[in-house]
1. Pull out the extension gain between residue 139 and residue 161, defined as 0.36 nm times the separation in residues minus the alpha carbon to alpha carbon distance; nm, one decimal.
2. Give the average over all directions of the projected area of the C-alpha convex hull of the stretch 331-437, one decimal, in nm².
3. Farthest toward the dipole's positive end in the chain, which of 221, 365, 335, given Cβ charges of +1 (Lys, Arg) and -1 (Asp, Glu) about the Cα centre?
4. Given the options 49, 399, 256, state which has the largest fluctuation in a GNM of the chain using a 10 Å cut-off (strictly under) for Cα springs.
5. Expressed as a whole percent, how much of the Cα-Cα distance distribution for the stretch 370-424 exceeds 16 Å?
6. Taking the Cα centre as origin and putting +1 on Lys and Arg beta-carbons and -1 on Asp and Glu beta-carbons, what dipole magnitude results for the stretch 265-370, to the nearest 20 debye?
7. From zero up to wherever the largest Cα-Cα distance of the chain sits, split into 10 Å bins and tell me the percent of pairs in each.
8. Spelling out what I want: for every residue of the stretch 7-16, take phi, set θ = phi - 60°, compute 6.51 cos²θ - 1.76 cosθ + 1.60 (Karplus), and round to whole Hz; glycine and proline get x.
Amino acid sequence: MSSTPLKSWLARQAYSLVLRLGMPAYLWRVWARGKEEPDYRANWPQRLGFYDPAYRALLAKQDARPVWWVHAVSLGEARAAMPLIQAMRTQCPHMRLLLTHTTATGREAGKALLQEGDLQTWLPYDTPGAVRRFLRVHRPQVGVLMETEVWPNVQHEAARLGVPMVLANARLSEKSLKQGMRLAALMQPAAHLLTLALAQTEDDARRVRTMGAHDVKVCGNVKFDMSPAPQSLALGRRWREASTRPVVLAASTREGEEVGLLDAWQSMRAACTAGEPVPRLLLVPRHPQRFDEVAALVAARGFIVSRRSTWADGQPDQADLAADVWLGDSMGEMPAYYAAARVALLGGSFAPLGGQNLIEAAACGCPIVMGPSTFNFAEAAELSEQAGGAVRVSDWTQGVRVACELLASGQDAGMSERALTFAASHRGAAARMAQWISRCAQGSR
């Protein structure tokens with residue numbers, strides 16, 4: 001560690017003071033988010049480490065079972081936690097899961113991971129008092145942070161109370177490393193307090209060590225162990241069969257990306273000759289609070305839009321089949337969207353945002369056309385491209401053109417098979433990580 005103990009202590013004290021002073025703004029932001037996503041207002045005192053009698057009564061039941069705590073900040077981490085939690089239950093069948101989140105989408109997705117007797121709450125605001133109350137109330141045997149979450153006071157209080165902390169499925173881009181090193185006096189000690197870090201790749205492991213972690217293992221990516229639900233795939237296939245045109249999916253687009261996508265889509269349509277079949281665009285924004293905004297944007301461009309949320313019995317009717325654009329404004333149906341499409345454009349990769357998980361697409365057998373920005377999932381993107389399940393383009397215009405060319409030539413079918421093979425060949429990370437977590441819980445590594 002480069003930071004001296006005194007410098008680290010002063011940095012954490014200053015950080016804690018800033019958080020205390022900013023608490024009113026934090027609580028106001030949580031309450032404001034609750035206007036669009038009501039779950040943000042649910043049990044909000046838990047964000048400060050205060051628990052009502054009903055929650056404490058639930059906590060008191062079966063209190064002899066060891067509590068294994070998993071923090072999955074948002075939707076992506078909650079989904080990634082699913083195979084890991086399943087593997088953890090195999091390692092310790094009698095363990096009691098404590099699942100925490102920061103966002104409403106993560107909390108909603110996490111409900112599907114709970115079994116009888118499990119607990120779900122908010123991760124407390126990272127002040128010493130809130131974290132201390134959280135840990136003393138729940139007394140976890142081990143704590144697991146998913147992917148990138150390292151909190152200075154969480155780490156400090158867990159170490160003080162003897163709770164081993166594991167960073168699972170750890171990933172760290174060069175950009176994030178540089179940002180973290182600007183606060184080295186704060187973040188390096190927090191990373192050093194990790195009992196163990198389980199990295200996705202060798203590059204991730206190197207960067208996590210640079211950040212300060214002292215014990216790092218390379219285990220692979222648990223997202224390869226995610227299996228799409230058969231009923232979701234079947235639903236998507238029914239949509240594909242119902243569509244009179246091939247479907248191109250724009251998967252999990254981010255703010256600012258849809259304008260470029262729609263520009264490219266309009267240009268493609270204009271270039272089509274009379275009678276030439278035009279693919280259908282299935283547009284799925286990443287964040288649910290943007291569904292209405294994106295629907296208005298699509299309509300303003302002159303496209304006929306049909307929203308998935310309006311489909312009676314979950315199936316498109318004749319009016320929906322006449323639409324130019326299907327808007328995927330539902331939660332938890334990403335596998336169905338991938339199954340409906342013959343090729344997908346990867347949102348988050350056409351703006352400098354680092355891309356997002358393309359492994360789910362591969363597991364659904366959906367070929368991917370990705371933009372230039374994939375630094376958050378660099379190895380997965382590179383391996384998928386090498387395996388022939390994905391291709392890289394420079395911008396939306398080229399992406400739409402390549403997607404249409406794959407459909408016209410029928411090459412998407414071969415890419416689909418290669419994507420499935422690629423996904424299947426990288427399974428096993430969840431079991432490896434669960435074994436290490438179990439060792440930490442038992443006090444031996």
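1. On the way: separation 22, 0.36 × 22 = 7.92 nm, distance 0.89 nm.
Stretched fully, the residue 139-residue 161 segment lengthens by 7.0 nm.
2. Details: hull surface 29.3 nm².
Averaged projected area of the stretch 331-437's Cα convex hull equals 7.3 nm².
3. 221
4. 256
5. Numbers: 664 of 1485 pairs.
When all Cα pairs of the stretch 370-424 are counted, 45 percent exceed 16 Å.
6. Details: 8 positive and 10 negative charges, 58 e Å.
Roughly 280 debye, rounded to the nearest 20.
7. Bin by bin from 0 Å, the calculated values are 4, 20, 29, 25, 15, 6, 1, 0.
8. 4, 5, 4, 4, 5, 5, 5, 5, 4, 5
The values are calculated or read from the model by the stated rules, or taken from the named source; none is laboratory data. Since the model is a prediction, treat every value here as computed from it, not as a measurement. Backbone-built Cβ (ideal geometry, glycine too); neighbour counts: all protein chains shown. Ligands, DNA and RNA are stripped out before the accessible areas are found, and what is left, the full protein with its side chains, is counted by its heavy atoms. Shrake-Rupley method; radii C 1.70, N 1.55, O 1.52, S 1.80 Å.
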